[in-house]
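Everything on this sheet refers to the single structure shown next.
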Amino acid sequence: GGTAMAAVRDVEIDPEGTFKYILVRLQHSGGEGSRDIVRGTKAAEFHNHIFEKVNPEMKKLGYECKCLGGGKIDHNSKDKKIRVFGLST
């Protein structure tokens, strides 16, 4: 893999609270090799808001994005607890 892929973090979520997340598959426009990343934030009212932010960022790096799904995360970093629930299509 190139350095661009290394620059993309696997998971970027808010440290605290309950919020929506999506699972996104990144694929090089060239084809081979893909990887999945998770993005979640309280700033997003809807799941597609997250995708609309991630997609252009990844396009700049030469990736095509496909949203595989998502749901909600309840994240308590103080107690090191994460609860994943709900389902989005």
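The values are calculated or read from the model by the stated rules, or taken from the named source; none is laboratory data. From a predicted model like this one, the values you see are computed outputs, not experimental measurements. Cβ atoms come from the backbone with ideal geometry, glycine included; neighbour counts cover every protein chain shown. What goes into the accessible areas is simple: the full protein's heavy atoms, side chains included, and nothing from ligands, DNA or RNA. Shrake-Rupley method; radii C 1.70, N 1.55, O 1.52, S 1.80 Å.
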Inset, instruction - Consider only pairs whose beta carbons are under 8 Å apart and that are at least six residues apart or on different chains; among these, list those whose first residue lies in the stretch 66-77 and is touching a residue at least 40 places away in the same chain (Cβ under 8 Å) and whose second residue is outside any strand (DSSP E or B) and open to solvent by less than 30 Å² (accessible area, probe 1.4 Å). - result: GLY70/ILE50
Inset, instruction - Output the residues belonging to the stretch 43-66 that are within 12 Å of LEU23 (Cα to Cα) and open to solvent by 60 Å² or more (accessible area, probe 1.4 Å). - result: ASN48, LYS66
Inset, instruction - Could you tell me whether GLY31 is touching a helix residue (DSSP H, G or I) at 6+ places or on another chain (Cβ under 8 Å) and among the small types (Gly, Ala, Ser)? - result: no
Inset, instruction - Scan the stretch 28-51 and report the pairs whose first residue is on the phi > 0 side of the Ramachandran plot and whose second residue is loosely packed, with under 12 Cβ neighbours inside 10 Å and at pLDDT below 95, with Cβ atoms within less than 9 Å and a gap of 6+ or a chain change. - result: GLY33/GLY1
Inset, instruction - For the stretch 32-53, name all the residues that are part of a strand (DSSP E or B) and among the polar types (S, T, N, Q). - result: SER34, THR41
Legend entry - Per-region count, the stretch 60-77, residues modelled with pLDDT of 95 or more and among the basic types (Lys, Arg): 2
